[in-house]
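Written below as structure tokens is the structure these notes are about.
The values are calculated or read from the model by the stated rules, or taken from the named source; none is laboratory data. None of these values were measured; they are calculated from a predicted model. Backbone-built Cβ (ideal geometry, glycine too); neighbour counts: all protein chains shown.
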Amino acid sequence: MVNVTINGMNVSVPKGSTILQAAQRVGIHIPTLCYHPDQSIKANCRVCVCEVEGNRLLQAACSAPVFEGMVVRTNTPKVLEARKTIVELILANHPQDCLNCIRNGVCELQTLAEELIIRDNPFELMIRGYEKDTSTPSLFRDPDKCVLCRRCIEACSVVQSVNALGIEGRGNNAMVVPTLGKDLIDSPCVMCGQCIHACPVGAIGEIENIEQFLAAVADPETIVVTQIAPAVRVAIAEEIGMATGELPMDVFVNGLRQIGFDYVLHTNFTADLTILEEGNELLKRVKEGGTLPMFTSCSPGWINFCETFYPDLLDHLSTCKSPQQMFGALVKTYWAEKMNINPAKIFSVSIMPCVAKKFEADRPEMRDSGYKDVDIVLTTREIGRLFRQSGIDFSKLPPSNFDSWMGAYTGAAVIFGASGGVMEAALRTVYEVVTGNTLEDVNFTATRGFDGIKEATVDLNGLEVKVAIAHSLSNARKLMDQVRAGESPYHFIEVMACPGGCIGGGGQPITKRNQKRVERIEAIYLEDEGLPIRKSHENPEVKVLYDEFLHEPLGHKSHELLHTHYHDKKKKYL
Amino acid sequence: MDYQGIIAKYKDVPGGIIEAYHAVQKELSYLPEEVIVEAAKIFNMPVAEAYGVATFYSYLSVEPRGKNIIRICESAPCHIAGAAEVIAALERELGIIMGETTSDGKFTLEYTECVGQCQSTPVITINGKPYAGVSPAQIAAILAEYR
């Protein structure tokens, strides 16, 4: 341990700690900008400078290691002046349009300006004049707002191993750009949106579909129907001033009615359906010697990743559409028929923790209902904005139930939101289908947790099924390289593009820390445990769907509406 | 041009991508996109990173440039000695402004930092060859060597 004095307070910290870590121990807040708790130390913004006795120059608290007897001062006039100047210089290149910015209220630079009492910036405002990049349906880039912290680059390269972003130029002319300085759509970007969480400001954000939603609600002829992804409920609470997981589902449902949805249904319904289709697909592949290991196909960032980096392995992907797209195909066919509603009048909106879902909904093959299966996708953040816009007080809102025929769900669907959840849900069903026995304990805990790669072996009446789970694409890449080398020991691999699974998706409330993702995962399993039915094949409405419409898993109708195929993206630059 | 062959020569040199870029640029005057993509492959790095290297160094260019690169020192000693007048003469003579390339693809005008010839300023370099103590009146004659 090393003894350090910070602002006159003594603290003992492990050797190798930084000033920033030591200060956190004694409750001293040092402002930061390029610092990210789950990334490497960059020390390029210099906002966290402090005075260290014996040093003429100010030291960056995020990178300076402590030493025995170190005396640090974090708020001397010299320090405060330096920090202020640094932020003023950053602001001198930063468009002053906070009022119109997607990150208004959740911006680290805005917070810094407030903390450092920035008033009359002595430096002339010089906007760099880059063009906004809106080439993808999921994400925009607004380089003029970039503060060059490079956190997005690390999210894209280290966490996701996608490497769509890099630095162009040097010094004053440096800028974060997609590969070869082209538009994002031409880069290997998989649209996972992890860069949005990494960005401290509004230089990268989701393409919003709020106006299309409001227009649909305003049209009395249009029937606005929604589906909610499993990971949304636990996180939406964070958008409306509640703790993670605190908003009850039925109150959330009423909130959605308040902002104009005519019918509130659940993606969980098609998550359960996915398990039946995908579980049976796995068994078929195992029995008939199909391509193994089979990969899950729920995560559109992951699908984009496969189509970009592993086009030779597309046969391994389950042909099941994601729950969002299964829902989209059914709501304008099965549900419309059952409700006696003209599908042409349905405006299908999905609420997702994801920005890649916006791209997925726009895929040309996702029109099996005869219409665009999912008209628009709103992220958890966009729904948060709509709730705030409508001024809903959730503490006083009475509960309301989901609407019928595609609103019922089980605990198995709920856990789709966490890494390992699809696997666990599949095992709950596959076990019972194969063995014919009732599963005493439905909890497959080996599939849970935040480890990058998890594995398990399940005994199905003598058939040993080996499974693996990866979240974050850098972890998926390890499993993929194994498959490509012909050395994969697994039958079934679940991949979620985002850290922690969908709860850490690119459309979720802005989350810097993985710790927040862990909290959301806990809330997901809590919800699962509280539900009376926890196995997908016991979902009563899914049973009705098979009885009346689909007839059997992997049947003719299923293939028409619920399954898809994948394409090599033929990206020129990786 | 066999840029693959040129790049591959530096495959096992530590930091060899920089030398490979210089070698290609010597032939082409700049680094076309396909060179960066190929270098990324050979040096086993993402294209985004290979592009970062190509745009980091001022002596490397990803924009097409002329056959002859004329650089004018923009450091203080040359500035005081009248670099601005030399620039004006170059721009007039070539019909382009700083940073541009002549339409026949023969000349490009660029700035450079100090090239260490401060004993006799202002200084320009053409394809790396320094011309010290240059006056606007000499420009036409110097350019004639390269026309």
Next on the checklist: Looking at the structure I just gave you, is A:GLU154 assigned to a helix (DSSP H, G or I) and touching a residue at least 24 places away in the same chain (Cβ under 8 Å)?
Outcome noted: yes
Checklist entry - (1) in a loop (DSSP other than H, G, I, E, B); (2) without any contact (Cβ under 8 Å) to a residue 24 or more places away in the chain: which one isn't true of A:CYS45, the others all being true? => result (2)
Checklist entry - In this structure, does A:ASN163 turn out to be of a type outside the set (Ser, Thr, Tyr), assigned to a loop (DSSP other than H, G, I, E, B) and more than 14 Å from chain B (Cβ to nearest Cβ)? => result no
Checklist entry - Restricted to region A:492-525, and to residues that are surrounded by fewer than 20 Cβ atoms within 10 Å (Cβ to Cβ) and not in a helix (DSSP H, G or I), which residue is nearest to the chain's Cα centre (by Cα)? => result A:ILE510
Checklist entry - Do any helices (runs of 4 or more DSSP H) lying entirely in region B:15-120 carry at least 1 residues that are within 14 Å of chain A (Cβ to nearest Cβ), and which ones are they? => result B:16-28, B:33-42, B:47-56
Checklist entry - So how many residues does region A:78-97 have that are out of contact with any Lys or Arg (no Cβ under 9 Å at 6 or more places or on another chain) and within 16 Å of A:LEU33 (Cβ to Cβ)? => result 9
Checklist entry - Of the residues in region A:232-258, how many are surrounded by fewer than 19 Cβ atoms within 10 Å (Cβ to Cβ) and in contact with a Ser or Thr (Cβ under 7 Å, 6 or more places away or on another chain)? => result 4
Checklist entry - Can A:ILE207 be described as more than 14 Å from every other protein chain (Cβ to nearest Cβ) and of a type in the set (Val, Ile, Thr)? => result yes
Checklist entry - Out of all the residues in region A:208-224, is one or more among the hydroxyl-bearing types (Ser, Thr, Tyr), within 25 Å of A:SER419 (Cα to Cα) and assigned by TED's automatic domain parsing to the domain that holds A:ARG517? => result no
Next on the checklist: What pairs come out if I take residues in region A:333-360 that are of a type in the set (D, E, K, R) and pair them with residues that are surrounded by fewer than 24 Cβ atoms within 10 Å (Cβ to Cβ) and modelled with pLDDT under 95 whose C-beta lies under 9 Å away, six or more apart or interchain?
Outcome noted: A:LYS338/A:SER404; A:LYS338/A:TRP405
Next on the checklist: Given the criterion hydroxyl-bearing (Ser, Thr, Tyr) and touching a Phe, Trp or Tyr at 6+ places or on another chain (Cβ under 8 Å), identify the matching residue among B:SER103, B:SER61.
Outcome noted: B:SER61
Item to check | Hey, A:SER350 in contact with a helix residue (DSSP H, G or I) (Cβ under 9 Å, 6 or more places away or on another chain), in a strand (DSSP E or B), in the same structural domain as A:LEU378 (by TED's automatic domain parsing) and within 18 Å of A:THR274 (Cα to Cα) or not | outcome: yes
Checklist outcome for this item: Within region A:166-181, residues in contact (Cβ under 8 Å) with a residue 24 or more places away in the chain and in a loop (DSSP other than H, G, I, E, B) come out as A:ALA174
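Residues are listed down the side, and each one gets a yes or a no for (1) among the charged types (D, E, K, R); (2) surrounded by fewer than 24 Cβ atoms within 10 Å (Cβ to Cβ):
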| site | (1), (2) |
| --- | --- |
| A:THR296 | no, no |
| A:PHE305 | no, no |
| A:PRO311 | no, yes |
| A:LYS321 | yes, no |
| A:THR333 | no, yes |
| A:ILE341 | no, yes |
| A:SER350 | no, no |
Checklist outcome for this item: Residue hits (region A:168-194; more than 9 Å from every other protein chain (Cβ to nearest Cβ) and farther than 17 Å from A:LYS132 by Cα) are A:GLY171, A:ASN172, A:VAL190, A:CYS192, A:GLN194
Item to check | Which numbered condition B:ILE126 fails, given (1) in contact (Cβ under 8 Å) with a residue 12 or more places away in the chain; (2) within 14 Å of chain A (Cβ to nearest Cβ); (3) surrounded by fewer than 17 Cβ atoms within 10 Å (Cβ to Cβ) | outcome: (2)
Checklist entry - All but one of (1) crowded, with 21+ Cβ neighbours inside 10 Å; (2) touching a strand residue (DSSP E or B) at 6+ places or on another chain (Cβ under 9 Å); (3) at negative phi hold for A:ASN401; which doesn't? => result (1)
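Let's see how each residue does on (1) over 19 Å from the mean Cα position of the chain (by Cα); (2) among the β-branched types (Val, Ile, Thr):
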position: B:GLU63; (1), (2): no, no
position: B:ILE72; (1), (2): no, yes
position: B:PRO77; (1), (2): yes, no
position: B:VAL86; (1), (2): no, yes
position: B:THR102; (1), (2): no, yes
position: B:PHE107; (1), (2): no, no
Checklist outcome for this item: All conditions in (1) part of a helix (DSSP H, G or I); (2) of a type in the set (S, T, N, Q); (3) within 14 Å of another protein chain (Cβ to nearest Cβ) are true of B:GLN4 except (3)
Checklist entry - Any idea which of (1) touching a Leu at 6+ places or on another chain (Cβ under 6 Å); (2) crowded, with 22+ Cβ neighbours inside 10 Å is the one A:ILE228 doesn't satisfy? => result (1)
Item to check | Single match in A:GLY462, A:GLY449 (criterion: assigned by TED's automatic domain parsing to the domain that holds A:LEU479, touching a residue at least 12 places away in the same chain (Cβ under 8 Å) and surrounded by fewer than 19 Cβ atoms within 10 Å (Cβ to Cβ)) | outcome: A:GLY449
Next on the checklist: Quick check on this structure: which one of A:ASP528, A:ASP547 is of a type in the set (Asp, Glu), assigned to a helix (DSSP H, G or I) and surrounded by 16 or more Cβ atoms within 10 Å (Cβ to Cβ)?
Outcome noted: A:ASP528
